[in-house]
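Data first, discussion second: the structure below is written as C-alpha cells.
No value in this document is a laboratory result; all are computed from the given coordinates. Nothing here was measured: the structure is a model prediction, and the numbers come from that model. Counting neighbours? That spans all protein chains shown, and the Cβs are built from the backbone with ideal geometry, glycine included.
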Amino acid sequence: MEKQEVIILAIESSCDETAAAVVKNGRDVLSNVISSQIDLHTLYGGVVPEIASRKHIEKINQVIQEALDQANVTLDDITAIAVTYGPGLVGALLVGVAEAKAISFARNIPLIGVHHIEGHISANYIENKELEPPFLCLVVSGGHTHLVNVQDYGNYEILGRTRDDAAGEAFDKVARAIGLGYPGGPKIEKAAREGNPQAMDFPRAKISDNVYDFSFSGVKSAVLNYINGCKMKNIPIVQADIAASFQKAVTDVLIDHAIHAAKELGVKKLAIAGGVASNGALREGMREACKKRGISFYHPSPVLCTDNAAMIGAAAYYEYLAGTRHGWDLNAIPNLKLGER
Ligand code: KG4
Ligand code: ZN
C-alpha cells in the first residue's frame with residue numbers, strides 16, 4: 001500500500017447489526033461486512049438490547065477478520081480505527097468501542113470515535129463521488145428523524161427533528177398493528193405496492209413553532225384508531241390500503257419539509273440517509289420534487305442506508321483529516337448529540 005493512502009478499519013455495533021468495513025480515502029469501500037441479528041429479534045417483535053449486546057460479542061472478532069480479509073489488508077495497513085460511540089444502545093455500543101480501543105492499544109493505531117448520524121449522512125459520499133458540502137440531508141432511521149444542514153465536513157446544523165416517534169419507528173409500529181411483523185419498514189413498502197395510497201386520509205402533522213420539526217405519533221394513532229373502528233364494526237381491514245395510505249402520509253411530510261428547507265436556504269443539493277431512505281416511495285417522491293425545482297438529489301444504495309460500517313469509515317476519514325483523535329478513555333454515549341466531541 002502507498003503511504004499517502006488513508007485506510008480506515010471501521011466498526012459499527014450501535015443497534016442490531018454487527019458490522020466492520022475497510023474504507024480507503026473516505027469513499028472507496030474495500031469491504032463492508034454486516035452480520036444482521038434481525039432473524040433473532042423477529043422472534044420477539046423488536047430489538048432486545050441484552051440479546052443484541054451478547055450477539056455483538058459473539059460475532060465481532062469474526063466480522064472484523066472478514067472485513068480485513070475481503071479488503072486484502074492486515075492491521076499493518078490500517079491508518080486509523082473508527083468506531084460508532086453514540087447514539088445507540090449502550091450495551092451494544094460498548095462492544096464496538098471496547099473492541100476498537102483494544103486494537104488501537106495493542107497495535108498503536110489512532111482511534112476515532114464517530115457519531116452514528118454523521119455516519120448515515122456520510123454514506124452519501126461513497127457512491128456520489130462528486131458530492132461535497134454544503135448540502136441538506138434528511139436522516140430517517142429507526143431511532144432518528146433529523147433534517148440537517150451539512151455546512152461542511154463535520155459541521156452540522158440541525159434544522160428540524162421529530163418531537164416524538166422516529167419515521168422508522170412509526171413504520172415498525174404500524175406494521176406490527178396491521179399484522180405485518182418486524183422489521184416493519186420493508187414489509188410496509190412491499191404491502192403498499194398492492195394498495196391505494198388515497199384509500200384513507202391519515203393526518204400530516206404540522207408543528208407551529210418550527211416548520212421543520214416532525215411528529216409521527218398522530219399518524220400512528222390514526223392508523224390504530226382506524227383499525228379499532230374496523231374491528232368494532234366487524235369490517236375486515238385491507239392491509240395493503242392501510243400500508244399505502246400510511247406510507248404516503250409519512251413520505252409526504254418528509255418530502256414537504258426537506259423541499260421547504262432547501263427553498264428557504266437556497267440549497268441546491270439534497271440527500272437522504274438512514275434505514276427509511278431505502279424506501280422506494282420516498283426516493284421516487286423526493287427525486288420528482290427535486291427535479292421540479294432544479295435541486296440535485298442524492299441517496300445511498302439500500303445496503304448503505306441501513307446500519308453498516310462503511311458509512312462510519314467514510315465519516316471517520318473526514319474526521320481524520322480534521323485531526324480528530326480519541327484517547328483510550330473513549331466511552332459509549334447512548335444519547336450523544338450531533339456535533340459534540
Ligand atoms: O438506519 P437503521 O438501519 O437503524 C437505525 O439507526 O435506526 O434504520 C432502521 C429503520 C427501521 O425502523 C426500519 O423499519 C426502517 O429503517 N426501514 C424502512 C425500510 N427499510 C428499513 N422503512 C421504510 N421503508 C423501507 N424500505
Ligand atoms: Zn442507523
**Study point:** Neighbourhood charge, 10 Å Cβ-Cβ cut-off, centred on Gly181 and excluding it, Lys, Arg +1 and Asp, Glu -1
**Key:** +1
Check your understanding: Can you name the helices of the chain, as whole DSSP H runs, whose Cα span along the helix axis is 20 Å or more and whose Kyte-Doolittle mean is not below 0.5?
Key -> 90-107
Revision key, fill the gap. Expressed as a whole-number percentage, the relative contact order of the chain with C-alpha contacts under 8 angstrom and at least six residues apart is 24 percent
Check your understanding: So who's got an amide H within less than 5 Å of the one on Leu159, skipping anything under 5 residues away but keeping other chains? H placed 1.01 Å off N, in plane.
Key -> Leu147, Val148, Asn149
Check your understanding: How far apart, in nm, are two points set 7 Å out from the Cα along the Cα-to-Cβ line at Glu288 and at Lys337?
Key -> 3.9 nm
Revision key, fill the gap. Taking a ≥ b ≥ c as the square roots of the eigenvalues of the Cα gyration tensor, with a/c under 1.5 meaning rounded and otherwise prolate when a/b exceeds b/c and oblate if not, the stretch 1-145 is oblate
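In percent, what relative contact order does the stretch 132-300 have, based on Cα pairs under 8 Å that are 6 or more apart in sequence?
26 percent
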Point to revise | Among Asn61, Gln37, Ile242 - extreme Cα towards positive end, dipole of the chain, charges at beta-carbon | key: Ile242
Study note, to complete from the structure: Of the candidates Pro183, Ala273, Phe297, the farthest towards the positive dipole end of the stretch 132-300 (Lys/Arg Cβ +1, Asp/Glu Cβ -1, centred on the Cα centre) is Pro183
Review point. Taking the stretch 132-300 as the region of interest, what is the percent of Cα-Cα pairs per 10 angstrom bin, listed from the shortest bin to the one with the maximum distance?
Key: 11, 40, 33, 13, 3, 0
Practice item. With label points built 7 Å along Cα→Cβ from the Cα atoms of Glu130 and Ile237, find their separation and express it in nm. Key: 4.6 nm
Point to revise | Inter-probe distance in nm under a simple model that places probes 7 Å from Cα toward Cβ, at Arg54 and Lys263 | key: 5.3 nm
Exercise for review: Find how many whole Å separate the alpha carbon centroid of the stretch 122-179 from the alpha carbon centroid of the stretch 275-341.
Suggested key: 7 Å
Exercise for review: Of the options Ala19, Val174, Leu75, report the single residue whose Cα projects farthest towards the positive end of the charge dipole of the chain (beta-carbon charges: Lys, Arg +1; Asp, Glu -1).
Suggested key: Val174
Revision key, fill the gap. Summing +1 per Lys or Arg and -1 per Asp or Glu among the other residues with Cβ less than 13 Å from Ala19's Cβ gives -4
Check your understanding: Around Gly143, what is the net charge, scoring Lys/Arg as +1 and Asp/Glu as -1 over all other residues with Cβ under 12 Å from its Cβ?
Key -> -4
Point to revise | At R0 = 56 Å, FRET efficiency that the Cβ-Cβ distance of Phe105 and Thr42 yields, to 0.05 | key: 0.95
